[in-house]
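Trainee: Okay, handing you the structure first.
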Amino acid sequence: MDYTIFAVAIFVVAVLVFGGVFLIRPRRPDSGKEPRAGDEGGSATGTAVAEPEEKEEPGGPSAAAGTATIEEPPVAPVEIEIPPPSAGRLVRLRARLARSQSVFGQGLLNLLASDRLDEDAWEGIEDILVTSDVGVTSASQIVDGLRTKVKVLGTRSPEEVRGLLREELLAQINPELDRAVRTEPHGTRPAVIMVVGVNGTGKTTSCGKLARVLVGDGRSVVLGAADTFRAAAADQLETWGSRVGAPVIRKDEGADPASVAFDAVTRASDEGADTVIIDTAGRLHTKTGLMDELGKVKRVVEKKSQVDEVLLVLDATTGQNGLRQARVFAEVVNITGIVLTKLDGTAKGGIIVQVQRELGVPVKLVGLGEGPDDLAPFEPETFVDAILGEG
Amino acid sequence: MFETLSDRLTSVFTSLRGKGRLSEEDINSTAREIRLALLEADVALPVVRDFIAQIKERARGEEVSRALNPAQQVIKIVNEELIRILGGETREIRFAKNPPTVIMLAGLQGTGKTTLAGKLGLWLADERNTPLLVAADLQRPNAVTQLQVVGERANVPVFAPQPGNGVGDPVEVARESIDYAQRNNHNVVIVDTAGRLGVDSEMMQQAADIRDAVRPDEILFVVDAMIGQDAVNTAQAFLDGVGYDAVALTKLDGDARGGAALSIRHITGRPIMFASTGEKLEDFDLFHPDRMASRILDMGDMLTLIEHAQKTFEESEVEKMASTLASEEDFTLDDFLQQMSMVRRLGPISNLLGMMPGMGQMKEQIGNVDDKDLDRIAAIIQSMTPAERDNPKIINGSRRLRIANGSGTQVSDVNGLVTRFFEAQKMMRQMKNGGMPGMPGMPGQSGGKKKAKAQAKKAKKGKQRSGNPLKAKQQEAEKAAERQRRQEEGGDQSSQLPPGLGGGAGAPQLPPGLGGGKMPDLSDFKLPKQ
């Protein structure tokens with residue numbers, strides 16, 4: 001009978017609270033405004049007051065040992081590498097991409113090459129799209145679109161059908177979207193990039209790789225280790241930073257990530273760096289508290305500087321849950337781009353098709369391996385060509 | 001917008017109610033819905049095909065149960081079949097005859113191997129073992145440091161002779177660790193390896209070398225619940241590359257449905273041994289096939305909730321709560337405040353609601369429920385005098401204003417709370433009359449129904465109040481609830497349905513006492529999507 005009690009208790013609470021949602025919510029916008037404005041004002045001054053103290057600390061280089069912000073330069077013995085520039089990386093990495101996509105492309109072409117395009121063939125095409133995590137709805141739409149076109153044009157030859165399929169896939173990925181990562185500084189103000197995502201998708205690694213790309217393109221970069229939760233995440237970022245000579249702003253484990261992010265941006269503008277990359281802790285989109293924290297990080301950074309890019313790191317192996325992740329992250333921090341990682345495996349990353357369609361957020365970068373330079377700008381044409389096994 | 005499978009199927013069958021037997025057509029249309037549901041849950045396509053074929057086979061031969069409508073009958077089959085595949089043999093860690101027992105972790109990057117190593121260590125230590133964590137991930141920058149920190153948190157020693165970051169030979173580290181464990185009396189060695197891709201032959205070879213060096217008693221394949229269709233390829237690649245004895249599923253605290261569990265089990269036949277459900281080191285448990293089945297089908301997870309509650313609360317607290325609920329006196333705001341604080345200790349309210357059966361399709365609304373709303377309500381109640389809490393009827397206009405000012409809310413919020421509270425109070429009274437928990441033999445159904453009605457009424461009131469133009473929708477909700485209730489009456493006697501499967505069917509598998517009226521209320525709780 002104990003169990004019943006829980007059920008009843010939760011139910012009663014739910015009734016009252018749910019009622020609360022319907023009753024209180026609609027009014028909240030006007031009623032909540034004033035106290036909230038006050039709140040933010042309070043936190044703003046709080047941050048502003050705390051700030052100067054921390055800024056002074058790096059000023060005294062000898063005091064660096066005991067302070068919260070640790071200076072990077074002392075770790076000089078590591079040779080600073082100069083990574084290659086970013087241009088044309090995807091072409092160089094196409095071979096690797098082909099490894100993951102060949103089965104997909106081959107299977108499709110075999111189906112298309114058959115003499116008759118009957119029901120089974122179409123279903124086969126749909127199945128192949130589904131197996132690449134495109135999602136049932138998207139897959140059937142792509143196939144329907146293709147079917148209509150083939151019918152209208154009366155196309156029969158595999159070559160033409162293949163061309164149509166390429167078009168269809170491209171249309172789904174929408175090459176028109178602006179995929180440039182905005183990393184140029186605005187006058188004296190550095191560009192700010194925030195990297196977010198669920199646990200284990202490769203945020204820290206992507207931050208490190210992105211820093212390398214930028215350094216390779218001749219920029220100066222400051223890294224902010226706002227992942228104060230996971231064990232050794234800041235160390236991991238520091239290792240990446242030291243390889244390219246980018247300073248890493250970090251604090252003790254468990255520190256407020258928003259303050260780390262703020263410090264990183266402050267430091268970058270003081271030093272006149274071009275770009276700040278803020279690595280955040282991985283968080284599942286279902287954890288409301290953690291998502292609120294992420295929202296706070298962004299708000300706090302915005303007090304200092306506009307946030308130019310919020311990149312959501314999605315793992316290519318992610319299935320249909322990727323869409324929900326993207327949706328929630330978009331709501332909380334308004335993501336502006338997607339980094340698709342681990343595309344060098346067997347996973348096809350088809351989930352991006354759905355994500356792009358629903359949220360209109362373009363994939364901007366792809367991660368293609370563990371090597372430090374395996375991050376490339378996303379090029380839809382090359383991507384689709386690689387899927388279809390061309391060139 | 002994902003509907004639950006049970007709802008989808010119910011809609012498929014609305015026109016078919018009353019039919020005596022599942023026709024071929026019924027089976028086919030159901031099969032399509034199940035296929036979609038499974039694909040949405042990331043079960044791999046080939047697995048879905050096999051699975052559907054099996055279901056069809058069984059559905060054709062199935063005796064018609066008079067207690068179940070066709071939809072419930074099919075779901076029952078699907079659920080049983082899922083549990084059969086996922087469960088099969090459940091097994092525990094095989095400990096070696098001569099210690100140390102070696103457990104090796106392998107998997108893709110970012111699935112949570114290092115964290116799992118710590119959790120496993122803590123779990124084993126709790127069972128009176130003396131585990132040793134071995135840092136054989138020398139690939140990823142600072143993975144060794146991470147394991148050290150995790151080990152420190154779990155209070156489990158870590159063997160890390162190499163600094164990592166690409167330096168050192170993991171095979172050598174693994175080999176040395178065995179000697180080290182023997183010398184230092186560790187009876188279990190957990191080897192954390194680097195994440196690797198199935199197609200990376202070099203890294204797979206390294207994993208195989210580590211395996212040969214330590215001859216593990218168990219190799220655990222660590223996979224994250226969010227993985228999509230690629231699960232089959234990866235699982236197969238690792239099976240061919242290193243082989244594994246069991247699977248550990250991580251990140252189950254998200255809302256991914258975890259179809260991969262089914263795919264991997266089906267393709268490789270390896271059982272799923274552990275489930276990891278959170279970022280804390282204690283969030284780790286043996287795998288429960290029945291829960292996973294419900295999860296894949298999006299049917300709520302009442303049992304987890306109950307277990308969680310058992311862990312969180314003291315016996316005395318529960319008794320106290322039970323006595324307040326059962327006592328003759330009216331339910332007061334103080335009781336409510338106390339209940340709310342207890343429920344809060346179970347975790348964010350949205351998570352709790354998510355675990356309730358039939359709530360899947362309310363995900364959006366649940367997502368809107370913020371724990372801050374609870375705080376606000378608590379603030380309102382705390383701004384009342386004890387007299388007001390005992391008897392909210394005395395709260396008049398000026399008292400309302402005072403309460404609103406005191407709690408920093410609006411008078412209308414206070415109004416809303418008080419009105420809702422009266423409804424809840426009425427409901428509690430009805431429940432006590434109709435079938436109070438703990439009074440055996442009482443048909444809970446009637447109480448439940450009344451409650452549901454009260455609920456519907458309440459929601460409606462809420463709408464009118466807020467000027468929300470959703471009245472039409474609301475009426476539909478009532479109709480739907482009515483419909484469902486009628487269906488439930490049919491299914492009420494059935495005793496084989498999985499927990500949380502809409503309807504009165506939720507009861508039988510649940511512990512005694514949770515039967516009867518409670519479950520149907522919860523499923524009536526949902527509003528239909530448009």
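The values are calculated or read from the model by the stated rules, or taken from the named source; none is laboratory data. Quick caveat: nothing in here was measured; it's all calculated off a predicted structure. For neighbour counting, all protein chains shown are included, and Cβ atoms are generated from backbone atoms with ideal geometry for every residue, glycine included. When the accessible area is computed, the model is the full protein with side chains, heavy atoms only, and any ligands, DNA or RNA have been set aside. Shrake-Rupley method; radii C 1.70, N 1.55, O 1.52, S 1.80 Å.
Trainee: May I ask you to verify whether B:L105 is in contact with a strand residue (DSSP E or B) (Cβ under 9 Å, 6 or more places away or on another chain) and not in a helix (DSSP H, G or I)?
Mentor: yes
Trainee: Output yes when any residue across segment A:191-212 is buried (at least 16 other Cβ atoms within 10 Å of the Cβ) and over 23 Å from the mean Cα position of the chain (by Cα), and no when none is.
Mentor: no
Trainee: Mind listing just one residue for me: the one in segment B:229-241 that is more than 7 Å from every other protein chain (Cβ to nearest Cβ) and crowded, with 24+ Cβ neighbours inside 10 Å and, of those, nearest to B:M204 (Cα to Cα)?
Mentor: Among them, the one singled out is B:F238.
Trainee: Which one is farthest from the other protein chains (Cβ to nearest Cβ) among residues in segment B:108-138 that are on the phi > 0 side of the Ramachandran plot and under 25 Å from the mean Cα position of the chain (by Cα)?
Mentor: Among those that are on the phi > 0 side of the Ramachandran plot and under 25 Å from the mean Cα position of the chain (by Cα), it is B:G112.
Trainee: Right, something else. Out of the residues in segment B:205-228 that are without any contact (Cβ under 8 Å) to a residue 40 or more places away in the chain and open to solvent by 20 Å² or more (accessible area, probe 1.4 Å), which is nearest to the other protein chains (Cβ to nearest Cβ)?
Mentor: Among residues in segment B:205-228 that are without any contact (Cβ under 8 Å) to a residue 40 or more places away in the chain and open to solvent by 20 Å² or more (accessible area, probe 1.4 Å), the one nearest to the other protein chains (Cβ to nearest Cβ) is B:Q206.
Trainee: Among the helices (runs of 4 or more DSSP H) confined wholly to segment B:1-76, which include 3 or more residues that are at pLDDT below 75?
Mentor: B:5-13
One line per residue, one yes/no per condition, for (1) surrounded by fewer than 21 Cβ atoms within 10 Å (Cβ to Cβ); (2) outside any helix (DSSP H, G or I):
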site: A:D133; (1), (2): no, yes
site: A:E159; (1), (2): yes, no
site: A:Q172; (1), (2): no, no
site: A:L177; (1), (2): yes, yes
site: A:V215; (1), (2): no, no
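Trainee: Sticking with this one: For A:D308, state whether it is among the charged types (D, E, K, R), touching a residue at least 24 places away in the same chain (Cβ under 8 Å) and open to solvent by less than 20 Å² (accessible area, probe 1.4 Å).
Mentor: yes
Trainee: Continuing with this model, one more query. Scan segment A:247-267 for residues that are assigned to a loop (DSSP other than H, G, I, E, B) and away from every other protein chain (no Cβ under 14 Å) and report the count.
Mentor: Looking only at that region, the number is 4.
Trainee: What are the pairs, 6+ residues apart or on separate chains, where a residue within segment B:373-400 that is on the phi < 0 side of the Ramachandran plot has its Cβ under 7 Å from a residue that is open to solvent by 70 Å² or more (accessible area, probe 1.4 Å)?
Mentor: Hits for this filter: B:L374/B:R344; B:E388/B:R399.
Trainee: Right, another one. Kindly indicate whether any position in segment B:121-130 is part of a loop (DSSP other than H, G, I, E, B), basic (K, R), open to solvent by 40 Å² or more (accessible area, probe 1.4 Å) and assigned by TED's automatic domain parsing to the domain that holds B:Q236.
Mentor: yes
Trainee: Which condition number in (1) in contact (Cβ under 8 Å) with a residue 40 or more places away in the chain; (2) open to solvent by 10 Å² or more (accessible area, probe 1.4 Å); (3) not polar (S, T, N, Q) is the one that A:D256 fails?
Mentor: The single condition A:D256 does not satisfy is (1).
Trainee: Going by the conditions given, is A:T201 more than 26 Å from A:K303 (Cβ to Cβ), part of a loop (DSSP other than H, G, I, E, B) and within 14 Å of chain B (Cβ to nearest Cβ)?
Mentor: So A:T201 fits the description; yes.
Trainee: For segment B:129-140, which residues satisfy the criterion of being more than 19 Å from B:Q182 (Cβ to Cβ) and not hydrophobic (A, V, I, L, M, F, W, C)?
Mentor: B:D137, B:Q139, B:R140
Trainee: Can you name the residue in segment A:268-290 that is of a type in the set (G, A, S), assigned to a loop (DSSP other than H, G, I, E, B) and more than 9 Å from chain B (Cβ to nearest Cβ) and is also surrounded by the fewest Cβ atoms within 10 Å (Cβ to Cβ) among such residues?
Mentor: A:G272
Trainee: Return the pair list, or none, for Cβ contacts closer than 6 Å from residues in segment B:307-323 that are open to solvent by 20 Å² or more (accessible area, probe 1.4 Å) to residues that are modelled with pLDDT of 75 or more, at least 6 apart or on different chains.
Mentor: Partner pairs satisfying both residue conditions: none exist.
Trainee: Also, quick follow-up: Select from segment A:138-157 the residues that are on the phi > 0 side of the Ramachandran plot and surrounded by 16 or more Cβ atoms within 10 Å (Cβ to Cβ) and list them in ascending order.
Mentor: Selection gives nothing.
Trainee: Out of everything in segment A:135-157 that is more than 25 Å from A:T318 (Cβ to Cβ) and assigned to a loop (DSSP other than H, G, I, E, B), what residue ends up being farthest from the other protein chains (Cβ to nearest Cβ)?
Mentor: Applying the filter and picking the extreme gives A:G154.
Trainee: Has segment B:242-255 got any residue that is closer than 20 Å to B:E81 by Cβ, buried (at least 24 other Cβ atoms within 10 Å of the Cβ) and not assigned by TED's automatic domain parsing to the domain that holds B:L346?
Mentor: Scanning segment B:242-255 turns up at least one residue that is closer than 20 Å to B:E81 by Cβ, buried (at least 24 other Cβ atoms within 10 Å of the Cβ) and not assigned by TED's automatic domain parsing to the domain that holds B:L346.
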